[in-house]
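*Asks:* One structure, pasted below without further comment.
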């Protein structure tokens, strides 16, 4: 973020780290990772201003790129948990945090932070359901080479978006959605309820069926996973 604000870095620049001591995820939650075992990186994207009222497009692009990457190694049972976690079966393999730099009506940059579990096999007991590629495949991976592969996946999805495929990308995002057409439990400020997941619209709202079709705004609900 400091590099972007100082105009010392632009679109496509990516930082990879072997260790972070203050990683953060959605809603201010910490992101914990063993040093040297996982992908932890941040990339700069410069979205077109025509999409400033639909910032969820960046989430779709990045989530699809992470799905493409993880699925190539873990194969089936990989999914995208709304809005932007990577899951394998019912376990979390990766997370995404996007921070947008907007000045008036100008979308200057998006800073995309990605964390994906690669070789770590022991996790803090406070984490409810983590999983890594090594746990899934039994193999040890070259983390830096995999990070380069993830950058390639991100660039391919970015170019697809620039070529006007945003509607197709939304359809694909929905096809990979975790627990699609299944009943799940959610918690909002109004309480806990169950609903069948029907998909996600282009605003990033989760479409649900509680007996009638409605939608949950982006960031308004938490999953209750049992």
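*Asks:* Just check the stretch 160-225 against the gyration tensor rule for me: Cα atoms, a ≥ b ≥ c as the square roots of the eigenvalues, rounded for a/c under 1.5, and otherwise prolate or oblate depending on whether a/b exceeds b/c. Present the calculation step by step, with values, prior to reporting the outcome.
*Replies:* Details: a/c = 2.49, a/b = 2.03, b/c = 1.22.
The shape class here is prolate.
*Asks:* Sticking with this structure for a sec: At a 10 Å Cβ-Cβ cut-off, how would you order 155, 145, fewest neighbours first?
*Replies:* Details: 155 13, 145 9.
So the ranking, lowest neighbour count to highest, is 145, 155.
*Asks:* I want to verify a result. In a Gaussian network model of the chain, Cα cutoff 10 Å, which of these has the top mean-square fluctuation: 56, 161, 193?
*Replies:* Among 56, 161, 193, the largest mean-square fluctuation in the Gaussian network model of the chain belongs to 193.
*Asks:* Okay, next question. When only C-alpha pairs under 8 Å and at least 6 residues apart count, what is the relative contact order of the chain, in percent?
*Replies:* 18 percent
*Asks:* Same structure, new question: Quickly estimate the mean residue ellipticity at 222 nm for the chain, helices only: each DSSP H run with n ≥ 4 gives -39500 (n - 2.57), and the total goes over all residues, rounded to 500.
*Replies:* -8000 deg cm²/dmol
*Asks:* Using the 10 angstrom Cβ neighbour count as an exposure proxy, how do 220, 215 rank, fewest first?
*Replies:* Placing the least packed residue first, the sequence is 220, 215.
*Asks:* R0 = 22 Å: FRET efficiency of residue 145 with residue 89, Cβ-based, nearest 0.05?
*Replies:* 0.30
*Asks:* Could you pull out which residues in the stretch 68-107 have an amide N less than 18 Å from a spot 7 Å beyond the Cα of residue 46, following the Cα-Cβ vector?
*Replies:* Within reach of a label on residue 46, which here means backbone N under 18 Å from a point 7 Å along Cα→Cβ, the stretch 68-107 contributes 99-107.
*Asks:* Still on this model: Distance from the Cα centre of the stretch 56-79 to that of the stretch 88-149, in angstrom?
*Replies:* 10 Å
*Asks:* Taking semi-axes √(5λ) of the Cα gyration tensor in Å as the quantity of interest, determine which of (1) 31, 18, 14; (2) 25, 24, 17; (3) 39, 18, 14 was computed from the displayed structure.
*Replies:* (2)
*Asks:* How would you rank 61, 208, going from fewest to most other Cβ atoms within 10 Å of each one's own Cβ?
*Replies:* Sorted ascending by nearby Cβ count, the order is 208, 61.
*Asks:* Still on this model: Full-extension gain between residue 187 and residue 13, please, as 0.36 nm times their residue separation minus the C-alpha to C-alpha distance.
*Replies:* That pair, residue 187 and residue 13, stretches by 59.0 nm at full extension.
*Asks:* For the stretch 106-226, just the Cα atoms, rotate onto the principal axes and tell me the three extents in Å, largest first.
*Replies:* Computed over the stretch 106-226, the largest-to-smallest principal extents equal 48, 43, 27 Å.
Bear in mind that the values in this text are calculations on the coordinates, not laboratory data. Values in this document were obtained by computation on a predicted structure and should not be read as measured data. Cβ atoms come from the backbone with ideal geometry, glycine included; neighbour counts cover every protein chain shown.
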